[in-house]
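**Q** Handing you this structure, nothing more for now.
The values are calculated or read from the model by the stated rules, or taken from the named source; none is laboratory data. Note that the coordinates shown come from a computational prediction; the quantities given were computed from them, not determined experimentally. Here the Cβ positions follow ideal geometry from the backbone for every residue, glycine too, while neighbour counts run over all protein chains shown.
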Amino acid sequence: MFALIDCNNFYAACERLFEPRLEGVPVGVLSNNDGCVIARSEEFKALDIPMGIPTHKIDPALRRRVVLKSSNYTLYGDLSARVQQVLARQVPTLEPYSIDECFLDLRGLQEDWHALGARLVHSVVREVGLPVSIGIAPTRTLAKLANRQAKAQSTRPQVCVWAHADAPELSTHLNRLSPRDVWGVGERLHARLAGMGVLTAAALRETPDSELRRRFSVVLARTASELNGHPCLSMNDLETPRRSILCSRSFGRPLRDHAALAGALRHHCQRAGEKLRRDAMQASAIGVYLRTNPYHAGTFRHACEWTALPFPSADTQQLTRAAQRLLDQIWQPAAYQKLGIMLAELTPRQQSQTTLFEGAEPARREALMEAWDAIRARYGRQALTLGPQPADAPWQMNSAYRSACYTTRWDELPRARAR
Amino acid sequence: MSMTPIALAASTSAPASSDTLPRGASGFPSPADDYREAPLDLHHHLVRRPASTFFMRLEGDDHHHAGLYHGDLLVIDRAISPRPGHWLVAVIDGELSVLRLERRGPQLYLAPSRPGLATLPFEDNDDRLWGVICYAIHALPATGEEPAIPSCSR
């Protein structure tokens with residue numbers, strides 16, 4: 001069994017934790033440099049202000065009714081790491097998937113799944129103070145769908161369990177679900193599937209494996225197999241394309257050495273940078289996580305930190321520099337089994353118009369990265385790799401409405417009033 | 001004295017590697033090596049559960065009588081279940097507030113210190129609870145060691 005845990009309206013919830021007057025108020029969180037809305041509370045969604053709207057285009061009448069916050073990745077990253085710590089204590093394996101989601105590998109556990117789900121949700125609400133929902137199912141693909149179903153519940157805790165792939169409520173659900181809503185099936189695949197009469201997720205999982213392999217790809221055949229309850233996709237096979245990128249790998253043998261970990265880190269940053277540029281995207285925030293083997297003796301260590309990039313970037317050097325600093329922060333002597341980097345708040349590259357006041361990737365850096373990709377494509381990935389880069393150049397971001405770094409700076413602690 | 005368990009805990013952790021320790025000029029290991037313990041770590045002592053522990057600053061002198069002063073550094077552990085006598089951070093009127101939890105007969109109350117404020121009945125799983133305060137830390141006066149506290153919140 002697998003579980004997907006997702007923090008509900010994560011950024012808005014983080015803002016509310018230390019500013020409780022925002023409870024019930026429409027809260028929107030802005031991108032780096034306050035350019036556009038990247039996250040919304042339920043009340044904000046109810047006002048029909050769309051995701052991604054440029055801040056200056058919000059109707060002034062609505063603007064007065066909402067609270068806008070600059071994104072504060074230091075705070076979000078700290079709270080995200082706390083959520084993971086609370087979960088990691090209770091389950092054998094946890095894999096962060098993005099800043100506000102993680103998969104739990106529950107294979108080998110014999111549990112009352114509803115009770116386990118409720119326990120996990122309660123522990124995060126109580127200990128960290130953030131609302132979460134959980135989907136539990138035999139595969140990651142189904143767990144992701146179950147999570148969405150849990151989120152739609154009005155009752156608390158939001159837990160949805162499909163214990164078997166042939167559970168009647170799951171079949172009903174898949175009969176009503178468009179294949180487009182299945183993890184890894186994009187618009188393009190959806191159109192082609194519709195062309196051959198596959199109009200629902202239920203129809204997709206009934207399509208013969210051989211036909212999917214022949215007419216589409218092995219990956220889509222695996223997705224169908226996952227819908228039938230056979231785990232065969234890892235997190236790295238599929239990513240939510242527009243929101244985040246994840247590059248991680250387990251090591252063949254445990255790595256202790258900081259320098260060796262830094263090497264793995266650079267490798268992941270190169271891959272992540274290439275993925276970004278391939279999809280013409282740029283990232284606004286980066287996270288690094290490290291963990292030891294949960295099945296080995298000794299203290300289990302799991303650490304994860306996030307930081308905002310000075311401006312949205314697809315530059316491998318920029319990513320590596322930020323990731324390196326994060327690694328330095330979280331590294332402690334231990335035998336690590338896995339290291340990963342995550343990129344968040346991906347936006348299409350063309351949206352970032354360079355202006356005098358707003359930070360953006362200088363054009364010559366983009367040209368450099370094009371040359372970089374071309375050389376590596378032509379002469380192989382080993383032909384050109386990135387060595388360590390010195391950290392430098394603090395770049396002040398425009399974040400007029402940033403909340404305090406409540407959990408990471410002594411001079412920004414929340415105030416509690418004596419009554 | 002409450003230091004004993006810490007000293008015991010430190011001695012059970014892995015011994016420091018001898019090549020990180022200074023050796024005498026003769027090259028022999030220092031005879032003190034066998035008695036080396038990790039230094040006491042105050043953060044570790046005060047923060048038992050890092051995932052659920054948060055710091056805040058107390059604003060206002062209304063709890064002066066109880067030894068809680070304006071500017072105190074509060075250590076709050078959300079994993080602790082509130083009991084009568086505990087000091088809590090609770091959300092009152094949309095504001096993070098510090099009050100004492102008291103029992104009067106069968107009923108629990110959030111009891112303010114400021115004159116003129118009403119006591120508030122407190123229920124099981126009360127959603128106004130933010131967390132239980134486990135330490136309040138302040139420098140003793142005139143040592144000049146207390147960090148400067150900005151005069152008002154952001």
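**Q** Look at the stretch B:84-96 and say how many of its residues are under 25 Å from A:G24 (Cα atoms) and touching a residue at least 12 places away in the same chain (Cβ under 8 Å). Give the steps one after another, and end with the answer.
**A** So in the stretch B:84-96, the residues under 25 Å from A:G24 (Cα atoms) come out as B:88-96.
Subsequent filtering for residues that are touching a residue at least 12 places away in the same chain (Cβ under 8 Å) retains B:88-92, B:96.
Matching residues across the stretch B:84-96 total 6.
**Q** Ok, one more. Between a residue in the stretch A:247-272 that is touching a residue at least 60 places away in the same chain (Cβ under 8 Å) and any residue that is assigned to a helix (DSSP H, G or I) and of a type in the set (S, T, N, Q), which pairs come within a Cβ distance under 7 Å, given they are 6 or more apart or on different chains?
**A** A:S248/A:N236; A:A262/A:Q324; A:L265/A:Q324; A:R266/A:T320; A:C269/A:T316; A:C269/A:T320; A:Q270/A:T316
**Q** Please go through the stretch A:166-176 and pick out each residue that is outside any helix (DSSP H, G or I) and surrounded by 19 or more Cβ atoms within 10 Å (Cβ to Cβ).
**A** Looking only at the stretch A:166-176, we keep the residues that are outside any helix (DSSP H, G or I), and these are A:166-167.
Once the filter is applied, which keeps residues that are outside any helix (DSSP H, G or I) and surrounded by 19 or more Cβ atoms within 10 Å (Cβ to Cβ), the stretch A:166-176 yields nothing.
**Q** Hey, among A:S70, A:S80, which residue is over 15 Å from the mean Cα position of the chain (by Cα) and not aliphatic (A, V, I, L, M)?
**A** On the way: A:S80 fails: over 15 Å from the mean Cα position of the chain (by Cα).
The unique qualifying residue is A:S70.
**Q** In the stretch B:110-131, what residues are within 10 Å of another protein chain (Cβ to nearest Cβ), part of a loop (DSSP other than H, G, I, E, B) and within 29 Å of A:L87 (Cα to Cα)?
**A** Of everything in the stretch B:110-131, those that are within 10 Å of another protein chain (Cβ to nearest Cβ), part of a loop (DSSP other than H, G, I, E, B) and within 29 Å of A:L87 (Cα to Cα) turn out to be B:N125, B:D127, B:R128.
**Q** Taking strands (runs of 3 or more DSSP E) that do not extend beyond the stretch A:1-113, which have at least 2 residues that are touching a residue at least 60 places away in the same chain (Cβ under 8 Å) and not basic (K, R)? Before the answer, list the steps.
**A** On the way: elements: A:2-7, A:27-30, A:37-40, A:67-70, A:93-98, A:101-105.
The strands (runs of 3 or more DSSP E) meeting that bar are A:2-7, A:67-70, A:93-98, A:101-105.
**Q** Residues of the stretch A:28-42 being more than 20 Å from A:S313 (Cβ to Cβ) and out of contact with any helix residue (DSSP H, G or I) (no Cβ under 6 Å at 6 or more places or on another chain), which ones?
**A** Residues satisfying the conditions are A:V37, A:R40, A:E42.
**Q** Another question about this same structure. Please go through (1) within 26 Å of A:G24 (Cβ to Cβ); (2) facing chain A (nearest Cβ under 10 Å); (3) touching a residue at least 40 places away in the same chain (Cβ under 8 Å) for B:S81 and return the number of the only condition it doesn't satisfy.
**A** (1)
**Q** Next up: (1) away from chain A (no Cβ under 12 Å); (2) on the phi > 0 side of the Ramachandran plot: which one isn't true of B:D93, the others all being true?
**A** (1)
**Q** What are the residue pairs meeting all of these: first residue in the stretch A:405-419, first residue facing chain B (nearest Cβ under 7 Å), second residue among the β-branched types (V, I, T) and buried (at least 16 other Cβ atoms within 10 Å of the Cβ), Cβ atoms under 7 Å, and 6 or more apart or on different chains?
**A** That search, which allows pairs on different chains as well, returns A:A416/B:V89; A:A416/B:V98; A:R417/B:V98; A:A418/B:V98; A:R419/B:I92; A:R419/B:V98.
**Q** Any idea which of A:T307, A:T299 is among the hydroxyl-bearing types (S, T, Y) and farther than 20 Å from A:N72 by Cβ?
**A** A:T299
**Q** Looking only at the stretch B:97-119, count every residue that is touching a residue at least 24 places away in the same chain (Cβ under 8 Å) and surrounded by fewer than 18 Cβ atoms within 10 Å (Cβ to Cβ) and tell me the total. Don't jump to the end; show me each part of the working.
**A** Filtering the stretch B:97-119 down to residues touching a residue at least 24 places away in the same chain (Cβ under 8 Å) leaves B:98, B:100, B:108, B:112-114.
Within this subset, residues satisfying the condition of being surrounded by fewer than 18 Cβ atoms within 10 Å (Cβ to Cβ) are B:114.
Of the residues in the stretch B:97-119, 1 are touching a residue at least 24 places away in the same chain (Cβ under 8 Å) and surrounded by fewer than 18 Cβ atoms within 10 Å (Cβ to Cβ).
**Q** Follow-up. Identify the residue in the stretch A:252-276 that is basic (K, R) and under 25 Å from A:L346 (Cβ atoms) and, among all such residues, is modelled with the highest pLDDT. I'd like the intermediate steps shown before the answer.
**A** Quick first cut of the stretch A:252-276, residues basic (K, R) only: A:253, A:256, A:266, A:271, A:275.
From the residues that got through so far, the ones that are under 25 Å from A:L346 (Cβ atoms) too are A:266, A:271, A:275.
On the way: A:R266: 89, A:R271: 85, A:K275: 85.
Restricting to residues being basic (K, R) and under 25 Å from A:L346 (Cβ atoms), the top hit is A:R266.
**Q** Within the stretch A:320-346, how many residues turn out to be among the small types (G, A, S) and buried (at least 20 other Cβ atoms within 10 Å of the Cβ)?
**A** We begin by selecting, within the stretch A:320-346, every residue among the small types (G, A, S); these are A:322-323, A:334-335, A:340, A:344.
From the residues that got through so far, the ones that are buried (at least 20 other Cβ atoms within 10 Å of the Cβ) too are A:322-323, A:340, A:344.
The qualifying residues number 4.
**Q** Of all the residues that make up the stretch B:32-50, how many are without any contact (Cβ under 8 Å) to a residue 24 or more places away in the chain and at the interface with chain A (Cβ under 9 Å from one of its Cβ atoms)?
**A** Number of matching residues: 1.
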